[in-house]
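Step one of this worksheet: look at the structure below.
The values are calculated or read from the model by the stated rules, or taken from the named source; none is laboratory data. If you're wondering where the values come from, they're calculated on a predicted model, not measured in any experiment. All Cβ positions, glycine included, derive from the backbone under ideal geometry; neighbour counts span all protein chains shown. Just so you know, the surface numbers come from the protein's heavy atoms only, side chains and all, with ligands and any DNA or RNA stripped out. Shrake-Rupley method; radii C 1.70, N 1.55, O 1.52, S 1.80 Å.
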Amino acid sequence: DSRVQQDGSEFLKLLLTLLETELAGSPQAALVQRLYRGQYSFITTCQVCHQQSDSSSNTTPFYELELGVTGCAGLSASLAKLLSEEMLVDDNQYLCGKCKKKVDAVRQMKLRSLPPYLCFSLMRFVFDMKTLSKVKVHDKFKFPLQLDLGGFVDEEACADGATTAYELSTVLIHRGSTASAGHYVARVLNESDGVWWEFNDEEVKRLGDLPHGGAPPTTSTSKAGEGSKGLTPQKRAASNGDQGAGREEPTEVSSKDAYMLVYRRASAVASRSDGGGRTTSNGAAVPQLDEELAEYVNNALKAQEQKETAYNEMVGEISAEIERRRSAVRSVFSAIAESSAEGGGVEPEELRFCDVQQLGEWVDASGFDAELNGDDG
Ligand SMILES: [Zn+2]
């Protein structure tokens with residue numbers, strides 16, 4: 001329902017849940033999990049015996065990670081804070097199973113596995129204790145175009161050979177000054193050709209090679225145009241001594257309005273080529289469908305086609321039956337008309353038609369039949 005104002009993060013949760021429900025039982029039943037679900041654990045370590053809690057090996061699935069904005073310069077700092085050690089002391093002491101008593105402990109969230117598409121929601125809407133209402137945090141938040149999560153993820157998570165290198169693929173921007181209203185705009189990377197697009201309701205705009213509408217990273221002339229509203233490129237310091245020194249490539253973007261970020265695992269990035277792929281009327285490359293998904297869609301289309309064919313056949317049969325009855329009635333009328341023209345007696349207006357089966361039932365129920373067959377005839 002497009003009239004309902006919805007929170008972007010809440011909407012994503014609803015959409016993914018709905019997709020999971022819809023795909024249940026289909027060959028793509030695990031699609032949402034496969035693309036968006038990661039796992040984390042909370043590790044609690046006793047500071048006396050250094051034993052980890054039993055529940056430390058439990059994993060919890062997640063479809064997005066919530067990052068604090070207040071007091072964090074950007075994604076890396078906020079993620080580090082999310083995964084930082086928390087001391088359980090005083091009233092928060094932990095009951096160690098081995099020590100059999102309450103002890104000081106360290107609690108830490110650990111990422112066990114990362115999905116091909118990693119969603120971050122930025123906690124821009126926070127409850128203000130002074131006004132007792134939700135307010136929007138307008139703090140600037142930086143996030144990189146390329147993100148390596150190697151330092152953040154559990155070593156075992158990399159055991160399956162999946163790379164920890166990610167690239168920014170979607171930025172959801174909340175325009176508006178309050179938490180209760182506003183407008184969402186999405187900046188999305190077309191995976192097949194590396195071009196960013198802005199989706200603003202029915203208005204779709206080509207941004208170029210960067211999400212803020214700047215120039216390609218190979219030049220240093222990126223200029224903030226109309227398309228850059230809400231996002232600002234961050235120049236890499238020229239003196240940081242790495243290979244990019246002096247070239248001022250925008251490797252980070254900052255925003256006061258970015259609300260959700262989606263990063264795509266680098267190994268999931270298909271090789272980009274301009275040849276062979278389909279394009280839309282305005283020249284945008286149409287991304288190739290995942291093979292399994294394409295098969296699922298094709299099968300669904302085929303099933304739909306078969307349903308339509310069966311429906312059309314049924315309509316044809318019913319139409320033929322109606323036509324057959326109509327001509328039967330017409331022939332009765334014309335026979336009556338002929339006989340009355342010959343002076344035979346009944347005017348068509350005096351006739352009443354009724355269903356033969358209903359007439360039979362009425363005759364049976366009335367006992368009329370028995371009377372007719374009675375002895376006195
Ligand atoms: Zn202990």
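Points to keep in mind about this one:
- Computed lengthening from Arg107 to Ala24, 0.36 nm per intervening residue step minus Cα-Cα distance: 26.3 nm
- Protection proxy ranking, peptides 89-102, 300-313, average beta carbon neighbours within 10 Å, highest first: 89-102, 300-313
- Per-residue HN-Hα couplings for the stretch 299-310 [Karplus 6.51, -1.76, 1.60; θ = phi - 60°; Hz; x = Gly/Pro]: 5, 5, 5, 4, 4, 5, 4, 4, 4, 5, 4, 4
- The stretch 33-106, accessible surface, carbon-and-sulfur percent (1.4 angstrom probe): 47
- Sites Cys99 and Thr178, calculated FRET efficiency, Cβ-Cβ separation with R0 51 Å, nearest 0.05: 0.55
- In this calculation the C-beta distance from Glu295 to Glu66 is compared with R0 = 30 Å, giving a FRET efficiency of 0.30.
- Full extension of the chain between Asp201 and Glu321 gives 38.3 nm of extra length, using 0.36 nm per residue less the Cα-Cα distance.
- Distance between modelled label sites at Gln304 and Asp90, nm, 7 Å Cα→Cβ extension: 6.1
- Shown in residue order for the stretch 69-78 are the 3J(HN,Hα) couplings computed by the Karplus curve 6.51 cos²θ - 1.76 cosθ + 1.60 at θ = phi - 60°: 9, 4, x, 10, 5, x, 4, 4, 5, 5 Hz (x for Gly and Pro).
- Neighbourhood net charge (10 Å Cβ-Cβ; Lys/Arg +1, Asp/Glu -1) for Gly38: +1
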